[in-house]
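J.: Input: one structure, supplied below.
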Amino acid sequence: MAGFILKRLLQAIFVVLAVTLIVSFAIRLSGDPAVMLAGGSNITEKDLQNIRQALGLERPFYVQYLAFLKGLLVGDFGRSFMGGTPVSLLISKALPATLLLAFASLLLSIVLSVPLGVHAAVNRGRWPDQLIRILSLVGLSFPNFWLAIMMVLFFSITLGLLPPSGMEGPESFIMPALTMGIILTATNVRLVRTSMLETLSQQYIMVARSKGLKDWVVLYKHALRNSAIPLVTYIGLQFGSLIGGIVIVERVFNWPGMGTLAFDAISARDYPVLQGSITVLALFIVLINLLVDIAYGLIDPRIRTE
Amino acid sequence: MDNPSSSQRHDAPLLSVRSLSVEFGSGSSPFRAVKDVSFDVQPGRTLAIVGESGSGKSVTSLAIMRLTDYTGGRIAGGEILFRPSTGPAIDLVDASDAKLREIRGKDIAMIFQEPMTSLNPVFTVGNQISEALSLHEGLNARDARLRARELLQKVRLPDADKLLDRYPHQLSGGMRQRVMIAMALACGPKLLIADEPTTALDVTIQAQILNIIRDLQAEMGTAVIFITHDMGVVAEMADDVVVMWKGEKVEQAPVREIFAAPKHPYTRALLSAVPRLGSLTGQPLPKRTPVTVMDGGVPKQTGTTHIQDTADYAKPILEVEKLTTRFDVGKTFFGRVTHRVHAVEEVSFDIYPGETLALVGESGSGKSTIGRTLQQLVEPTGGTVRFDGRDMNAMTPAERRRLRQQIQYIFQDPFASLDPRHTVGFSIAEPIVVHGLIKDRKAIERRVHELLEQVGLQPQHAKRYPHEFSGGQRQRICIARALASDPKLVIADESVSALDVSIQAQIVNLLMELQERRRLSYLFITHDMAVVEKISHRVAVLYLGQIVEIGTRQAVFENPQHSYTRKLLSAVPIADPQRERAKTRIEGEIPSPVRPVGQEPAIHRMREVEPGHWVAIESDQLRGAA
């Protein structure tokens with residue numbers, strides 16, 4: 001197990017390095033920050049040169065990249081082109097907001113999808129199953145931004161119950177988390193249902209029933225753990241697309257998270273902020289997938305001893 | 001355990017099934033799997049329910065505990081009267097869920113067929129046994145664990161303490177089935193239902209499991225319902241027998257009567273199809289005998305008696321010399337191999353034209369690996385194989401392709417080995433097309449029709465799909481496909497093991513008939529000694545990747561020299577209830593062929609005990625293991 005984790009950590013470092021390289025390179029293709037910063041129309045080439053010099057952009061790409069890596073080693077992401085705030089400070093403010101939102105929606109989707117999926121599997125082909133499958137299909141067909149806007153219209157504008165945007169107090173969590181959670185639940189329900197169906201047809205489930213165990217013990221002790229591997233795998237993969245989805249949801253709800261930070265950085269060609277925020281997000285996605293691999297071993301002893 | 005007064009013992013049954021019917025599916029025409037079946041089980045006695053696939057025997061056993069509720073079944077009529085340890089007899093058909101849960105695992109317990117899948121892979125053995133104990137007996141975790149350990153000792157598992165914390169995948173099939181028995185007997189049930197508990201096990205392990213069930217039954221006074229298709233097991237285990245056919249009970253009688261004077265035509269047909277070890281004693285050659293089959297409810301004889309004098313011992317078609325096949329398993333962090341499976345170690349044998357050589361052995365003996373190596377599905381580690389005098393190692397790619405045409409393979413599972421999305425005609429024609437044997441499409445079609453007729457099917461079957469055929473018919477299709485490329489050698493790997501006995505007898509006859517007609521050689525790979533006796537000219541016994549005895553069938557069966565051959569022969573259940581049941585005890589697991597790198601197995605030296613009959617000289621180590 002220790003060897004396995006070591007191997008995975010080495011891989012993770014590699015992945016994060018590759019991500020930073022691609023991001024740093026790609027953003028430099030997207031336009032010149034000096035033009036954005038200078039603003040106005042009567043600027044000379046000389047002014048632009050000066051700005052580039054001040055930001056260190058006149059150096060060759062590899063020098064800039066190595067400088068970024070060197071900073072990374074000591075946790076220094078550089079300073080934002082806009083106002084000179086340290087990037088690490090910006091990230092330390094935005095990251096908790098995003099992580100809270102991501103984990104709240106994941107948790108919500110697990111709490112919803114597990115019992116619903118189990119219930120659908122047990123009632124395969126009967127009306128509860130049909131209903132859950134139709135609801136899941138409906139959930140899958142919503143684009144997240146549309147769902148977000150509909151919620152704002154209904155809960156904030158019509159009913160006036162919830163704040164339409166920002167992060168002020170626990171009630172402002174409800175709509176962003178619901179938006180993400182509902183979309184995740186729609187896929188997770190199907191996953192739980194399919195893998196439960198597979199498990200329920202196994203002989204050890206009949207054996208558990210023949211012992212006289214209660215239904216919920218059979219389902220939630222004997223069957224669920226055997227069905228958990230596909231769900232855990234998928235949650236690991238989902239985390240990546242969850243972060244992508246969060247950019248949009250954060251925009252709609254004006255949520256001060258990493259999505260908003262990265263989005264603004266792209267629009268302003270703010271290289272240091274973008275490099276820093278993408279690196280941190282990549283790190284988290286890699287870390288979550290490492291945890292998923294470790295979770296496999298905890299769930300299934302057959303994987304542990306391999 | 002309660003004490004019914006002895007006078008009560010025989011007139012008050014423990015379980016009384018009355019006119020039980022079970023249906024599956026809904027709508028206007030549900031499928032009735034069990035029709036109007038009645039029988040009684042007396043306390044402490046063993047009732048065997050026998051029948052072939054589709055007879056409804058397993059559905060009946062599930063219905064007794066109302067477990068059919070979970071498989072989409074519905075009890076359509078009848079009563080299941082059971083006397084629990086406390087309180088009056090109750091009808092399980094209309095018992096509440098709570099009442100059923102009280103009885104399941106406490107008063108009635110069940111053992112299932114597949115030991116590899118009947119234990120939950122994510123919980124320890126101790127956890128799974130304790131579960132029923134804390135549920136029904138109210139034991140706390142510590143006491144439940146102590147009881148679980150006692151139970152493991154009862155089913156003769158060594159090292160019970162360590163075993164409690166093991167997971168099922170760390171145990172062999174035989175050990176898992178013992179754990180299953182320990183689990184079933186945990187709360188001292190009055191009735192144990194065993195659904196084909198030994199069918200998936202090796203024959204020496206089967207003998208051990210049957211002994212354990214018999215001993216514990218005597219000790220605990222448990223009544224047993226034993227579901228099986230194996231008449232040998234019936235003869236070994238049962239007091240009374242119920243014969244089921246197409247969902248109905250066709251006969252019920254004490255075990256000796258069933259074997260001595262079967263009344264229903266189906267029972268007679270079933271018994272006539274059972275291969276019996278020792279039926280060819282004194283005869284040097286294999287023999288085809290007629291089979292009684294049920295044709296629309298009427299027994300009908302098919303086939304003739306024929307001595308299989310087909311082998312030509314002038315020059316072998318296949319010569320295998322010191323064949324060795326090993327697989328790497330277990331690697332270190334840096335990818336260095338630590339363990340190897342020594343599947344086949346220096347195995348040598350010949351097969352002659354028109355001859356059947358049987359390779360017999362249990363799990364891990366390497367018998368299937370030999371077959372796959374000859375079919376070029378597995379690369380050998382060493383040794384030479386000559387086909388028709390040509391060394392396989394020296395063959396050009398074109399010659400190797402031609403060899404694939406001349407050696408054909410018939411697999412165990414006829415359903416898994418046919419592509420469900422193609423017609424059977426397509427599957428049979430494929431080898432002809434692949435090897436370019438016939439170019440003309442009309443001629444290929446004619447050839448497919450001819451092959452179908454040769455295996456006892458109709459030419460119009462070519463247009464159908466595999467799912468439209470029964471198991472026996474599918475195996476006939478696989479045989480037709482194997483014959484399509486006009487092979488000289490056919491490797492039959494457990495090809496009749498999964499079939500019902502009446503179908504099995506017909507397929508064995510078909511194989512023998514085809515051998516005579518086309519001078520085919522067979523390498524017949526199996527664990528079933530009774531079938532081996534019927535079909536083979538010569539027999540090689542494999543143990544841990546090496547041949548321990550090889551010779552004519554008559555020599556090996558009538559004068560077995562190696563202790564493992566004797567053990568194997570004595571473990572086969574004999575379909576004769578008159579025989580003494582308490583046979584010599586067989587103990588011990590089948591050892592594993594996995595060895596650490598650098599620890600090579602010792603190669604047996606062989607001695608010739610009579611012309612053509614070779615036996616491995618036994619080292620003390622092997623004698624200890626066997």
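J.: Output the residues belonging to region B:83-133 that are part of a loop (DSSP other than H, G, I, E, B), surrounded by 23 or more Cβ atoms within 10 Å (Cβ to Cβ) and more than 7 Å from chain A (Cβ to nearest Cβ).
T.: Result: B:115, single match.
Rundown of residues vs (1) exposed (fewer than 14 other Cβ atoms within 10 Å of the Cβ); (2) closer than 27 Å to residue B:512 by Cβ, yes/no style:
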position	(1), (2)
B:236	no, no
B:260	yes, no
B:280	no, yes
B:299	no, yes
B:304	yes, yes
B:307	yes, yes
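J.: Any idea which of A:137, A:161, A:153, A:147 is in contact (Cβ under 8 Å) with a residue 40 or more places away in the chain and not charged (D, E, K, R)?
T.: Answer to the check: A:137.
J.: Being touching a Lys or Arg at 6+ places or on another chain (Cβ under 7 Å) and farther than 20 Å from residue B:149 by Cβ is the filter here, so list the residues in region B:185-208 that pass it.
T.: Answer for region B:185-208, where residues must be touching a Lys or Arg at 6+ places or on another chain (Cβ under 7 Å) and farther than 20 Å from residue B:149 by Cβ: just B:204.
J.: Still on this structure: Taking the stated definitions as given, is residue A:162 under 17 Å from residue A:107 (Cβ atoms) and over 19 Å from the mean Cα position of the chain (by Cα)?
T.: Working: under 17 Å from residue A:107 (Cβ atoms): no; over 19 Å from the mean Cα position of the chain (by Cα): yes.
For residue A:162, the condition - under 17 Å from residue A:107 (Cβ atoms) and over 19 Å from the mean Cα position of the chain (by Cα) - is not met.
J.: Within region B:459-474, how many residues turn out to be modelled with pLDDT of 90 or more and either touching a strand residue (DSSP E or B) at 6+ places or on another chain (Cβ under 9 Å) or surrounded by fewer than 19 Cβ atoms within 10 Å (Cβ to Cβ) (or both)?
T.: The qualifying residues number 5.
J.: Still on this structure, I have one more. Only residues that are within 27 Å of residue B:208 (Cα to Cα) and touching a Lys or Arg at 6+ places or on another chain (Cβ under 6 Å): list them for region B:245-278, please.
T.: Answer for region B:245-278, where residues must be within 27 Å of residue B:208 (Cα to Cα) and touching a Lys or Arg at 6+ places or on another chain (Cβ under 6 Å): just B:275.
J.: Exactly one condition in (1) more than 14 Å from chain A (Cβ to nearest Cβ); (2) touching a residue at least 24 places away in the same chain (Cβ under 8 Å); (3) touching a Lys or Arg at 6+ places or on another chain (Cβ under 8 Å); (4) not polar (S, T, N, Q) is false for residue B:329; which is it?
T.: The one condition residue B:329 does not meet is (1).
J.: Here's something else I'd like to know. Which count do you get for residues in region A:266-285 that are touching a helix residue (DSSP H, G or I) at 6+ places or on another chain (Cβ under 6 Å) and free of Cβ contacts under 8 Å to residues at least 40 places away in the same chain?
T.: 1
J.: Whether any residue in region B:25-33 is assigned to a strand (DSSP E or B) and closer than 21 Å to residue B:267 by Cα is what I want to check.
T.: Within region B:25-33, one or more residues are assigned to a strand (DSSP E or B) and closer than 21 Å to residue B:267 by Cα.
J.: List the number of the failed condition for residue A:100; all other conditions in (1) within 21 Å of the chain's Cα centre (by Cα); (2) at pLDDT 90 or above hold.
T.: Looking at each condition in turn, residue A:100 falls short on (2).
J.: Filter region B:182-200 down to the residues that are surrounded by fewer than 23 Cβ atoms within 10 Å (Cβ to Cβ) and within 25 Å of residue B:591 (Cβ to Cβ) and list them by number.
T.: Across region B:182-200, the qualifying residues are B:199, B:200.
J.: In addition: Answer yes or no as to whether residue B:161 is within 30 Å of residue A:300 (Cα to Cα) and either in a helix (DSSP H, G or I) or not assigned by TED's automatic domain parsing to the domain that holds residue B:223 (or both).
T.: Yes; evaluated as a whole, the condition is true for this residue.
J.: On the basis of being under 27 Å from the mean Cα position of the chain (by Cα), within 14 Å of chain A (Cβ to nearest Cβ) and either more than 19 Å from residue B:218 (Cα to Cα) or of a type outside the set (S, T, N, Q) (or both), does residue B:179 make the cut? Spell out how you get there, then give the answer.
T.: Values: under 27 Å from the mean Cα position of the chain (by Cα): yes; within 14 Å of chain A (Cβ to nearest Cβ): yes; either more than 19 Å from residue B:218 (Cα to Cα) or of a type outside the set (S, T, N, Q) (or both): yes.
Spelling it out, residue B:179 is indeed under 27 Å from the mean Cα position of the chain (by Cα), within 14 Å of chain A (Cβ to nearest Cβ) and either more than 19 Å from residue B:218 (Cα to Cα) or of a type outside the set (S, T, N, Q) (or both).
J.: Yes or no: residue B:68 within 11 Å of chain A (Cβ to nearest Cβ), out of contact with any helix residue (DSSP H, G or I) (no Cβ under 6 Å at 6 or more places or on another chain) and under 26 Å from residue A:224 (Cα atoms)? If you could, list the steps in order and put the result at the bottom.
T.: Details: within 11 Å of chain A (Cβ to nearest Cβ): yes; out of contact with any helix residue (DSSP H, G or I) (no Cβ under 6 Å at 6 or more places or on another chain): no; under 26 Å from residue A:224 (Cα atoms): yes.
Judged against the criteria, residue B:68 is not a match.
J.: Test residue A:231 against the criterion of being closer than 25 Å to residue A:129 by Cα and aliphatic (A, V, I, L, M), and give yes or no.
T.: yes
J.: Now for a separate question. Could you grab me the full set of residues in region B:134-157 that are aliphatic (A, V, I, L, M) and facing chain A (nearest Cβ under 10 Å)?
T.: First, pick out the residues of region B:134-157 that are aliphatic (A, V, I, L, M): B:135, B:139, B:141, B:144, B:146, B:148, B:151-152, B:155, B:157.
Passing the criteria: only B:135.
J.: Which one is nearest to the chain's Cα centre (by Cα), of the residues in region B:326-365 that are of a type in the set (Ser, Thr, Tyr) and either buried (at least 24 other Cβ atoms within 10 Å of the Cβ) or part of a strand (DSSP E or B) (or both)?
T.: B:365
Residues checked against (1) closer than 23 Å to residue A:250 by Cβ; (2) of a type in the set (Ser, Thr, Tyr); (3) more than 14 Å from chain B (Cβ to nearest Cβ); (4) in a loop (DSSP other than H, G, I, E, B):
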position	(1), (2), (3), (4)
A:4	no, no, no, no
A:15	no, no, yes, no
A:23	yes, no, yes, no
A:63	no, no, yes, no
A:71	no, no, yes, no
A:75	no, no, yes, yes
A:83	yes, no, yes, yes
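J.: Could you please let me know if residue A:248 is touching a residue at least 60 places away in the same chain (Cβ under 8 Å), surrounded by fewer than 20 Cβ atoms within 10 Å (Cβ to Cβ) and within 19 Å of the chain's Cα centre (by Cα)?
T.: yes
J.: In addition: Looking at B:569, B:542, which is the one that is in contact with a Ser or Thr (Cβ under 7 Å, 6 or more places away or on another chain) and farther than 22 Å from residue B:417 by Cβ?
T.: So the residue among B:569, B:542 that is in contact with a Ser or Thr (Cβ under 7 Å, 6 or more places away or on another chain) and farther than 22 Å from residue B:417 by Cβ is B:542.
J.: When you check residue B:263 against the structure, is it charged (D, E, K, R) and within 26 Å of residue B:238 (Cα to Cα), yes or no?
T.: Yes; evaluated as a whole, the condition is true for this residue.
J.: Exactly one of (1) surrounded by 22 or more Cβ atoms within 10 Å (Cβ to Cβ); (2) touching a strand residue (DSSP E or B) at 6+ places or on another chain (Cβ under 6 Å); (3) at pLDDT 90 or above is unmet by residue B:561. Its number?
T.: (1)
J.: Looking for something over 15 Å from residue B:50 (Cα atoms), touching a Gly at 6+ places or on another chain (Cβ under 6 Å) and outside any strand (DSSP E or B) - is there at least one such residue anywhere in region B:258-267?
T.: Within region B:258-267, none of the residues are over 15 Å from residue B:50 (Cα atoms), touching a Gly at 6+ places or on another chain (Cβ under 6 Å) and outside any strand (DSSP E or B).
J.: Let me ask another. Of the residues B:404, B:446, B:476, which single one is assigned to a helix (DSSP H, G or I), of a type in the set (Lys, Arg) and within 25 Å of residue B:303 (Cβ to Cβ)?
T.: None of the others qualify; the one that does is B:476.
J.: Can you say whether residue B:114 is among the acidic types (Asp, Glu) and out of contact with any strand residue (DSSP E or B) (no Cβ under 7 Å at 6 or more places or on another chain), as far as the supplied structure shows?
T.: yes
J.: Still on this structure, I have one more. Kindly list, by first and then second residue, each pair from a residue in region A:79-104 that is without any contact (Cβ under 8 Å) to a residue 40 or more places away in the chain to a residue that is outside any loop (DSSP other than H, G, I, E, B), limited to pairs with Cβ atoms under 8 Å and residues at least 6 apart or on different chains.
T.: A:85/A:79; A:86/A:79
J.: Same structure again: Checking residue A:109 against (1) without any contact (Cβ under 8 Å) to a residue 12 or more places away in the chain; (2) out of contact with any strand residue (DSSP E or B) (no Cβ under 8 Å at 6 or more places or on another chain), which test does it fail?
T.: It is condition (1) that residue A:109 fails.
The values are calculated or read from the model by the stated rules, or taken from the named source; none is laboratory data. The shown structure was predicted, so the numbers you read here are calculated from the model rather than taken from an experiment. Quick reminder, even Gly has a Cβ in these numbers, built from the backbone with ideal geometry, and neighbours come from all protein chains shown.
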